[in-house]
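Here, each number is a calculation from the coordinates, and none is a lab measurement. Worth saying up front: this structure is predicted, and the values here are computed from it rather than measured. For neighbour counting, all protein chains shown are included, and Cβ atoms are generated from backbone atoms with ideal geometry for every residue, glycine included.
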Amino acid sequence: MKKNIPGVILGLCLIAALTFVVAGTALATSITIDNYSFETPTLADGAATTGSISGWTLSPSGGGGVWNPTIADYPGGVPDGSNVAYVFQAAETISQITSATVTPNYKYSLQVYVGNDKIPVGDYTIQLVAHGATDVVLASATGTPPTGYFDLVDVPSYTATDPDQYGKPIEIKLLSSSWRLHFDDVQLDGTTVPLPSTMLLLGSGLVGLGLLRRKWNLKK
Ligand SMILES: [Ca+2]
């Protein structure tokens, strides 16, 4: 029985390549967001805080807070826990600079629930931002929230390939064009993606091995 050694090497390389790709796309990590579900502080049913949100910055200052809606406000309940964030004036921004920084070849996925309890209001905008002297919006989503319940807003993912943004702190901004907008359960994930240069190198290696195998076969 003839041993096809280059064939075996090629097979092993393909397995290694597949493992690399699978491992590369499986390393999703959850980026820590302080008070991500607005459950701080604990509030009685129907109660609210005014003027600040723990872990978050309000701009202009004082234009929002945390609220524990009653079942009459949201018959379907809130997306996570008991509380949501709210704004009570137009053109308010709720923001947080996370401890994560823009990392090369990381794909960032931001999800936030947005709702409105009674009457149609203005639009929301959710932004993933590279924080700096001049903030750079990396990804954003804009829309009108549903009335009486919450919708999950999936901001288009952003993959970091711009060296100008590397190392900048990642900031989340929840903007409201009107009052009565509510936000909950802010989630940000980072996933490694295979480096194009590494994949190119790997591809070149496989082509080389293929040619080697062809040469080997011709010799026999
Ligand atoms: Ca919550």
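In terms of surrounding Cβ atoms within a 10 Å radius of their Cβ, 109, 52 rank from fewest to most as 52, 109. Under a model in which nothing but the beta-carbon of Lys, Arg (+1) and Asp, Glu (-1) is charged, the stretch 32-145 shows a dipole of about 220 debye around its Cα centre.
Report the relative contact order of the stretch 106-197, percent, no decimals, based on alpha-carbon pairs under 8 angstrom and at least 6 residues apart. Computed value for the stretch 106-197: 46 percent relative contact order.
For residue 189, the shell of other residues with beta-carbons less than 14 Å away shows a net charge of -1, using +1 for Lys and Arg and -1 for Asp and Glu. For the stretch 28-195, the alpha-carbon radius of gyration amounts to 1.02 times the rule-of-thumb value 2.2 N^0.38 Å expected for a compact globular protein. With a cut-off of 9 Å between beta carbons, the residues surrounding residue 69 carry a summed charge of -3, where Lys and Arg count +1 and Asp and Glu -1.
The modelled label-to-label distance for the pair residue 189/residue 61, using points 7 Å beyond Cα in the direction of Cβ, is 3.8 nm.
Each Lys or Arg adds one and each Asp or Glu subtracts one; over the other residues with Cβ under 11 Å from the Cβ of residue 80, this totals -3. With R₀ fixed at 22 Å, the C-beta to C-beta distance from residue 89 to residue 123 puts the FRET efficiency at about 0.90.
When 124, 108, 86, 149 are sorted by how many other C-beta atoms sit within 10 angstrom of their C-beta, beginning with the fewest, the order is 149, 108, 124, 86.
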